[in-house]
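A short worksheet on the structure shown next.
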Amino acid sequence: MIPFDFDYYKPDTLLEAIDLFQDLSEQGKMPMYYGGGTEIISMARANSIYTGAVIDIKGIPECCEFGFSGSNLVIGSAITLTKIVESGLFPMLGITIGRIADHTIQGKITLGGNLAGTVIYRESVLPLLISESQVVIAGNYGTRQAPISELFDGRMRREPGELIVKLIIDSTYTNLPFFHRKTTKIDKIDYPLVTVVAMKKDDRILAGFSGLCDHPFRSIEMEDSLNEKGLTREVRIKNAMSHIPAPVQEDIHGSGNYRRFVLNNILMDVLKM
Amino acid sequence: MTAIGKDVPRKEALDKVTGAVKYNDDINEPGLLHVKMATSTCAHGIIKSIDVLSAWNVPGVRAVVTGDYLPVMTGSVIKDRPPIAINKVRYYGEPVAIVVADTEHEAQKAANSIKIEYSPLPMVKSPKEALVKGAPLVHEKLGEYKKAIDDVYPAAGTNVADHSKIRKGDMDKGWSECDVIVEGEYTMPKSDHIAMETRNVRVKIDPDGKVYVSSSTQCPHGIKDTLATVFSLNEGDIIVNAPLVGGAFGGKAPVNLEFIAYIASRAVGGRQVKLANTREEDIATSPTKIGLEAKVKLGATRDGILKALELKYFVDAGAYSDTAPRMAKTMASNGTGPYNVENVFCDALCLYTNNPYSTSFRGFGNMGHTFCMERTLDKLAVALNMSPFDLRLKNAISPGKGHTSATQVKITKSNTGDLAKCIYKINELIKLDDDLRVEVAKDKVIARGMSCIWKTSASNTDAISGAIIVFNKDGSLNLIVGVMEIGSGVKTGLAQILADKMNMEVDQIHVQMPVNTESSPKHWKTVASMSTVMAGRAVLSAADDAIRQIKDLGSIVLRVDPSQLEIGGGKVYMRSDPDNYVEFKDMVHGFKFRGGNSIGGQIIGKGTYIMENLTILDRETGKGRMGPAWTVGVQAVEVEYNTKDHTYKLVKAATVMDIGKIVNPKTAKGVVMGGMSMGLGLGSREGFLYGSNGGILNDSLRTYKVMRFGEQPDYMVEFIETPAEDGPYGARGLGEHGILGMPAALANALTRATGVELDQVPIDAELIWQLKTGGYV
């Protein structure tokens, strides 16, 4: 039960959605774009967020694109995790997001929602970061496209009112050898202690991390250390771990030192790729 | 034709699996108002001010109520708890104000807007802290509280709600006979019941003073008694209706939300109100499982005979005592486990803290003492260089050897059953008399652990049950009992007992599923694994009563002495000539002769039961008989442990229990498996974690983890049948027992696997890693 009233809009076009957002903002409605709703509903129920209006983007054709287009894989922001998993079009992404929440919820969570949400893990970003995806964003100027590495610094940086429309992935990345490991405190269905997604491209290991710090990230410094030929695995991992870009998380899922222990074990397996 | 021992499907099964069943929260009537609570964000503090003005301004609000509106004190042992806080809060999540509104969301919006200011007081966060000299007092006026029972001993000026003692034998002599002594310290956190259906209740008060309560409860009659006492009402004016319950596990045994809902209805002129917990409220505001800190010292002779046992239990009751003192007492009186120990010394302190308060939880404290004793036995086995299997077998409590319990009750075959038989039997399911730790691959170890269990009830010494049998015109029977169907299949079991006694098909027995205090005979509470035993006895007595009436009437119609008659297949017939009979359908609503004149009237069977021969325990020695027969058993767990990352998998789990008589094999196995699953959850993942403000950090199912389907081991359950002479058909209680030894068996298996002493639960990979490495990388 949500203890406040809010309006619901379902626009048919991007332009309509962007205009609505602006109008509703001016009316003080504090609007939110709405994909699967899992986060908005659960946080509104817990009184952690407030909105006076939601703008459902599932009726916007660009947000619902899904499939190969030329040499790219295009995934609209309103595509659900289940749809991506079941399509098998991008196994690394499919396996990663197949471990977000549980099966029922995966049928609701959208790719855009997972990327833009406030839950800190956003594991779907890991394959997108290491496959150097492009993001299409819409605003009152029209649309713009940028590499995800430019927009994502732990969260998807957007101006107020900007909407994530779709992700574009170079299809050569969809078939490369990859590694995925999600570790949790104990349950299969839980937030990650540490999730590592890695890929081997041109004999170089690319890796992204979630759960380790208070935001998911890809670190070129860590990758450089992991790829430093001529050193033992132990030393490469030690060097990589000295480049963790932010404090390691300490919370109810695990202590910082335990997360380091877990990461160390996972990286040993990553290096066996 | 006996229905006993058959896998009769639950009578409510089809409605449940198709979703047709209406649980209490599914029912909404026109005009219903909704109640929401504003709860404390301070774990211990004086309430400085409550600003309810903004709540009144929310549209749809009908009443805003604080603790001073109807100040009452509640508690089934010590009357220490106001349903809505007065002057002071004692735990984070305690109700401080309530709002009644037209809709649920209006009530919530208004409750959220209430501003409460506190002057924080220092918190008492653990039993250890509660006992520190000069510790803050959770209840400054503990000495002034009224007691609901005689045998509880709160200590004014302290945080001690009760102190239970066991003094059996001669400790000095006992210790002097020991060659080996081991000690252990154990902790188990507070945790939640996590019933699927959160607690919820509706109340209305009619102009004539009748109070109608509909609740998801284990004790409809208890609600009636308690509301009458607390609010000075006539008991006969209170009518409690209780439909099928969607899980309870002890959490719905106390009267809890009913107090608040009654106050709320009063505040809106008696209109019907509904109060339904969110999951978060069910965890953080309503009562939880007790926490435990314990110290155990156990000594034995060189050949493994237990000689002396010292137990110290420090029970974390939380902010209010509820039934926690009874659970502490249960631990003291059963703390030996099912083993003969001649010399026992135990102090069980039930302590107030600023954690959420506690109530009954499946096992009623018996899981706590089992964990402590069974972990200590494994330590002793190591010290003695003896197999844990042999050590347990050697000391198994048994009849005919002069064995007595810690409360000095003589052990008989009837009151205890056959533990040794259970131990031999489980060895066929999970090999325990062999190597208990095997390295099966690089980084992989298989290990096994075991735990014996026992439990009797800790019910009131005068707990009662009753049964009424009425008949339909077609000769079938309606059975009405006060027992709640909380998921154990008890009502189907009672139908089987009645069908057997009447020598007819079980589908001819209709059992009333909801309980209504106006028409259902009183059953004390659906707790303590005693429903089949107590209500079963009442059903047998009601059947005897009906049979006597049937035979009396039959003797007139058939013109023979009643002693010459038998019943079966819905008929009463002559033993000497079964073809000479009268069908039930022709007599249960009176027998009509050919000419039209009739005799007999309708047949109504009534039966009652009261617990017999129970005593309150002596304050100084603990001597006395707390419960009827024990149910004994043994459990084992097999784990696969990864030596590299310290994770583990649950591979197998087994239980063998002596349940006296198997009424319904599949239902019995299902109930035991459910208990095992809960026990493994507590052993591996469940437990509250607190923030610095005293609030529970894992108060939702996102973060509070229970065993999910797919994570369970291969469950195996077998039974032994040593009849309890006073149970129906010899049956013993079994409802709770599956949970009791699982945390201990798991910890014993993992201690063996890892080589570190795991003396606390829950046990996850990080705990093992910490103990093995000191927590450094």
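Along the Cα-to-Cβ line of B:V17, 7 Å from the Cα, sits a label point; which residues in the stretch B:489-523 have backbone N less than 18 Å from it? So the set is B:489-493, B:507.
Between B:E505 and B:T773, the distance separating the two model label sites (each 7 Å from Cα on the Cα→Cβ line) works out to 6.6 nm. Placing +1 on each Lys and Arg Cβ and -1 on each Asp and Glu Cβ, with no other charges, gives the stretch B:640-777 a dipole about its Cα centre of roughly 380 debye. Summing -39500 (n - 2.57) over the DSSP H runs of n ≥ 4 in the protein assembly as shown and dividing by its residue number, what mean residue ellipticity at 222 nm do you reach, to the nearest 500 deg cm²/dmol? Per the formula, -7500 deg cm²/dmol. Starting from the Cα gyration tensor of the stretch B:240-380, take the square roots of the eigenvalues, sort them a ≥ b ≥ c, and report rounded, prolate or oblate (rounded when a/c is under 1.5, otherwise prolate if a/b is larger than b/c, else oblate). Note, shape of the stretch B:240-380 comes out prolate. Inverting the pair-averaged 1/r between distinct Cα atoms of the stretch B:463-610 gives 15.6 Å as its Kirkwood hydrodynamic radius.
This ranking places B:R575, B:R266 by how few other beta-carbon atoms lie within 10 Å of each, fewest first, which gives B:R575, B:R266.
Here r is the Cβ-Cβ distance between B:K649 and B:D26 and R0 is 45 Å; the resulting FRET efficiency, rounded to 0.05, is 0.75. For chain A, dividing the convex hull volume of the Cα atoms by the residue count gives 126 Å³ per residue. Under 17 Å from a point 7 Å along the Cα-to-Cβ line of B:K410: which residues of the stretch B:714-745 have their amide N that close? What the label zone holds, given the 17 Å backbone N cut-off, is B:725-726. Taken over the protein assembly as shown, the convex hull of the Cα atoms encloses 199 Å³ per residue.
The mean number of Cβ atoms from other chains found within 10 Å of a Cβ in peptide A:1-10 is 3, as a whole number. Taking every residue in A:256-267 and counting other chain Cβ atoms within 10 Å of its Cβ, the average works out to 4. Helix A:256-270 axis versus longest C-alpha principal axis of chain A: approximately 70°, rounded to the nearest ten. Compared with the alpha-carbon gap, the fully stretched path from B:R548 to B:D51 is longer by 172.3 nm at 0.36 nm per residue. Kirkwood analysis of the stretch B:76-185, using all unique Cα-Cα pairs, places the hydrodynamic radius at 18.4 Å.
Restricting the calculation to Cα atoms, the stretch A:221-273 shows an Rg/Rh of 1.00 when the hydrodynamic-style radius is the Kirkwood one.
For the peptides A:58-64, A:194-200, B:757-763, the ranking by mean Cβ contacts within 10 Å, running from highest to lowest, is A:194-200, B:757-763, A:58-64. Each Lys and Arg Cβ is given +1 and each Asp and Glu Cβ -1; about its Cα centre, the stretch B:1-148 then shows a dipole of about 640 debye.
Estimated at 0.36 nm per residue, the fully extended path between B:K442 and B:D237 surpasses their Cα-Cα distance by 66.8 nm.
With a 10 Å cut-off around each Cβ of B:763-775, the average count of Cβ atoms from other chains is 4. Label zone (B:S176, point 7 Å along Cα-to-C-beta; backbone nitrogen cut-off 18 Å) within the stretch B:340-370: B:342-345. With the simple model of a label 7 Å out from the Cα in the direction of the Cβ, B:N597 to B:D433 spans 7.4 nm. The modelled label-to-label distance for the pair B:F709/B:E757, using points 7 Å beyond Cα in the direction of Cβ, is 4.2 nm. Dipole size of chain B about its Cα centre, with +1 on Lys/Arg Cβ and -1 on Asp/Glu Cβ: approximately 260 debye, rounded to the nearest 20. Just check chain B against the gyration tensor rule for me: Cα atoms, a ≥ b ≥ c as the square roots of the eigenvalues, rounded for a/c under 1.5, and otherwise prolate or oblate depending on whether a/b exceeds b/c. Judged from the Cα gyration tensor, chain B comes out oblate (a/c at least 1.5, b/c at or above a/b).
Taken together, the values in this text are just the output of simple stated rules run on the coordinates, not laboratory data. What you see is a predicted model, and the numbers here were worked out from it, not measured in a lab. Note: ideal-geometry Cβ built from the backbone for every residue, glycine included; neighbour counts use all protein chains shown.
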